[in-house]
Amino acid sequence: SMAGWGQEWLKVEPSVEEVDVGLLMWDIRRNTKPLLELPTPFIVQFYLTDVPENKSQHWLVFEDDKVDLCHIDHGFDVDVYIEVSAIKLTKVWMGWEDFSSAITSGELALRGDKKYTDIAVQWLGHSRVAGISKQPEKSRL
């Protein structure tokens, strides 16, 4: 697929220079995994630190086996709060950087009940192309 080719051959930095936050969050919504361990509803609030205020907050609403994406604060009781730059979230989402390393470095803040934050990488998931390895740096376009 074209996405797979891009994941393998394109350099990372040009891909994150101007992140389309709407597309990123929609892709995350499409690929999250409603786990049985999660309550219904299960609310995740994202605060993106490097984008304009009107694009900085997003909510994933897990309800039964469906996940919805909201851009407006409906006063949800948030279960997990994620604070991260859109650039770092893109790198983690695409599999270019490790989720737990982003947390350890403080570049991704994850707050909420430990029973949900400990399994965040499972319910959040990754892009469908995250498992495709990059070609060596000197070979990329």
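Take residue 15 and tell me if it is small (Gly, Ala, Ser), under 22 Å from residue 108 (Cα atoms) and either at pLDDT 95 or above or touching a Gly at 6+ places or on another chain (Cβ under 6 Å) (or both). Explain how you work it out, then say what you get.
Details: small (Gly, Ala, Ser): yes; under 22 Å from residue 108 (Cα atoms): yes; either at pLDDT 95 or above or touching a Gly at 6+ places or on another chain (Cβ under 6 Å) (or both): no.
Here the answer is no, as residue 15 does not meet what is asked.
Of all residues in the range 18-37, which are of a type outside the set (D, E, K, R), in contact with a helix residue (DSSP H, G or I) (Cβ under 9 Å, 6 or more places away or on another chain), assigned to a loop (DSSP other than H, G, I, E, B) and open to solvent by 20 Å² or more (accessible area, probe 1.4 Å)?
19, 34, 35
I'm trying to understand the selection: among the residues of the range 84-105, which are open to solvent by 60 Å² or more (accessible area, probe 1.4 Å) and not hydrophobic (A, V, I, L, M, F, W, C)?
97, 98, 100, 101, 104, 105, listed by residue number.
Note down all Cβ pairs under 7 Å where the first residue falls in the range 20-34 and is modelled with pLDDT under 90, the second is open to solvent by 40 Å² or more (accessible area, probe 1.4 Å), and they're at least six residues apart or on different chains.
So the pair list comes out empty.
Can you name the residue in the range 108-129 that is open to solvent by 60 Å² or more (accessible area, probe 1.4 Å) and not in a strand (DSSP E or B) and is also modelled with the lowest pLDDT among such residues? Break it down stepwise before answering.
Here is the first cut: in the range 108-129, the residues open to solvent by 60 Å² or more (accessible area, probe 1.4 Å) are 111, 113-115, 118, 121-122, 126, 128.
Filter again for not in a strand (DSSP E or B), leaving 113-115, 118, 121-122, 126, 128.
Values: 113: 97, 114: 97, 115: 97, 118: 96, 121: 92, 122: 94, 126: 77, 128: 58.
Taking the candidates together, the pick is 128.
I'd like to check which strands (runs of 3 or more DSSP E) are fully inside the range 38-81 and have at least 1 residues that are open to solvent by 70 Å² or more (accessible area, probe 1.4 Å), touching a residue at least 12 places away in the same chain (Cβ under 8 Å) and out of contact with any helix residue (DSSP H, G or I) (no Cβ under 6 Å at 6 or more places or on another chain). Walk me through how you get there before you give the answer.
On the way: elements: 42-48, 57-63, 66-70.
Answer list for the range 38-81: 57-63, 66-70.
The values are calculated or read from the model by the stated rules, or taken from the named source; none is laboratory data. Note that the structure is a prediction, hence the values are computed from the model and not measured. Cβ sites come from the backbone with ideal geometry, for glycine too, and all protein chains shown count toward neighbours. Accessible surface areas use protein heavy atoms only, side chains included; no ligands, DNA or RNA. Shrake-Rupley method; radii C 1.70, N 1.55, O 1.52, S 1.80 Å.
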